[in-house]
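Trainee: Before I ask anything, let me first share the structure, which is written out below as structure tokens.
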Amino acid sequence: MCLALLVHGLALCAGVLGLMLLARPWSNLFVPLGGVVLLLLCVAARPRPSEEPERLLERERFPALHKLSDRVAAALGLAPLDGIGVSADFNANYRMSGWRRRRHMELGSPLMAVLSADELTAIIAHEISHGANGDPLRVQFLGQAIDTLAAWGQAARPLSIGNLGRGTPADHSFPCLGCRSSSRCSGCRSCCSPGPASCCGW
């Protein structure tokens, strides 16, 4: 947390110093160039809110899941979630999305396919408890500091942009645990229709 605070502080100082360099009389060309560079370093550290889940499960189509989420949230002293999303990841997460800080939980269809009812309740309670503990704010604060350092590192080595992704396997598919098909698919899209939620029988 201290390192993240240091990174954000450096970014703020860079922005202030950049404005000061641009505002003062320019004795040579390097003064405005230095000011622009410092401002760009500050811009790289700008807040970047999390995106909403790509696919949201409507309350009307999945009432049991939403009612379970509402009961868990009420037990933790929280308001109902603003939305529940589904993904093709073997994972689950809780996030505060957008500038309006809307609270979303995203559930991976492969994970949900292998959970019992009690395990599902435990997963939902675990994810919603992140909101009660204020974890998304801390994670976003730390994550933005990491993103800022990555952006600064990329700016310091612009020639490395062309090497990004080398050696990374192009096949990101995985066994679809929620499907009856034994073939590999990318997020249930190739063997199920219309998507992960339907193939896992939610």
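The values are calculated or read from the model by the stated rules, or taken from the named source; none is laboratory data. Nothing here was measured: the structure is a model prediction, and the numbers come from that model. Positions of Cβ are backbone-derived with ideal geometry, glycine not excepted, and every protein chain shown enters the neighbour counts.
Trainee: Across segment 10-54, what is the number of residues that are exposed (fewer than 15 other Cβ atoms within 10 Å of the Cβ) and within 30 Å of SER87 (Cα to Cα)?
Mentor: Number of matching residues: 5.
Trainee: Which one is surrounded by the fewest Cβ atoms within 10 Å (Cβ to Cβ), of the residues in segment 133-145 that are without any contact (Cβ under 8 Å) to a residue 24 or more places away in the chain and either of a type in the set (Asp, Glu) or in a helix (DSSP H, G or I) (or both)? Reasoning before the result, please.
Mentor: Within segment 133-145, the first condition is being without any contact (Cβ under 8 Å) to a residue 24 or more places away in the chain, and the residues that meet it are 133-134, 139, 143.
Those still in the list that are either of a type in the set (Asp, Glu) or in a helix (DSSP H, G or I) (or both) too: 133, 139, 143.
Values: ASN133: 10, VAL139: 16, GLY143: 14.
By that ranking, first place goes to ASN133.
Trainee: Suppose we keep only residues that are acidic (Asp, Glu) and in contact with a Gly (Cβ under 6 Å, 6 or more places away or on another chain) within segment 78-106. Which one would you say is nearest to ALA132 (Cα to Cα)?
Mentor: We begin by selecting, within segment 78-106, every residue acidic (Asp, Glu); these are 82, 89, 106.
Still in the running and in contact with a Gly (Cβ under 6 Å, 6 or more places away or on another chain): 89, 106.
Details: ASP89: 24, GLU106: 16 Å.
It comes out as GLU106.
Trainee: On to the next question. How many of the residues in segment 112-127 are touching a residue at least 60 places away in the same chain (Cβ under 8 Å) and in contact with a strand residue (DSSP E or B) (Cβ under 9 Å, 6 or more places away or on another chain)? Can you show your working first?
Mentor: Taking segment 112-127 first, the residues touching a residue at least 60 places away in the same chain (Cβ under 8 Å) are 112-114.
Restricting the remaining residues to those that are in contact with a strand residue (DSSP E or B) (Cβ under 9 Å, 6 or more places away or on another chain) gives 112.
Of the residues in segment 112-127, 1 are touching a residue at least 60 places away in the same chain (Cβ under 8 Å) and in contact with a strand residue (DSSP E or B) (Cβ under 9 Å, 6 or more places away or on another chain).
Trainee: Within the set of pairs 6+ apart or on separate chains, which have a first residue in segment 85-106 that is in contact (Cβ under 8 Å) with a residue 60 or more places away in the chain and under 19 Å from GLU58 (Cβ atoms), a second that is among the charged types (D, E, K, R) and surrounded by 19 or more Cβ atoms within 10 Å (Cβ to Cβ), and C-beta atoms under 9 Å apart?
Mentor: Once the first residue is in contact (Cβ under 8 Å) with a residue 60 or more places away in the chain and under 19 Å from GLU58 (Cβ atoms) and sits in segment 85-106, its partners that are among the charged types (D, E, K, R) and surrounded by 19 or more Cβ atoms within 10 Å (Cβ to Cβ) give VAL86/GLU106; SER87/GLU106.
Trainee: Given the conditions (1) surrounded by fewer than 20 Cβ atoms within 10 Å (Cβ to Cβ); (2) modelled with pLDDT of 90 or more, and given that SER109 satisfies all but one, which numbered condition is not satisfied?
Mentor: (1)
Trainee: Condition first: within 13 Å of PRO136 (Cβ to Cβ), under 22 Å from the mean Cα position of the chain (by Cα) and of a type outside the set (S, T, N, Q). Can you find one or more residues in segment 56-72 that meet it?
Mentor: Kept after step one, since they are within 13 Å of PRO136 (Cβ to Cβ), are these residues of segment 56-72: none.
Within segment 56-72, not a single residue is within 13 Å of PRO136 (Cβ to Cβ), under 22 Å from the mean Cα position of the chain (by Cα) and of a type outside the set (S, T, N, Q).
Trainee: Taking the condition of being in contact with a Cys (Cβ under 6 Å, 6 or more places away or on another chain) and free of Cβ contacts under 8 Å to residues at least 60 places away in the same chain, how many residues in segment 1-36 meet it? Reasoning before the result, please.
Mentor: From segment 1-36, those in contact with a Cys (Cβ under 6 Å, 6 or more places away or on another chain) are 11, 14-15; that's our starting set.
Then keep just the ones that are free of Cβ contacts under 8 Å to residues at least 60 places away in the same chain; that gives 14-15.
Number of matching residues: 2.
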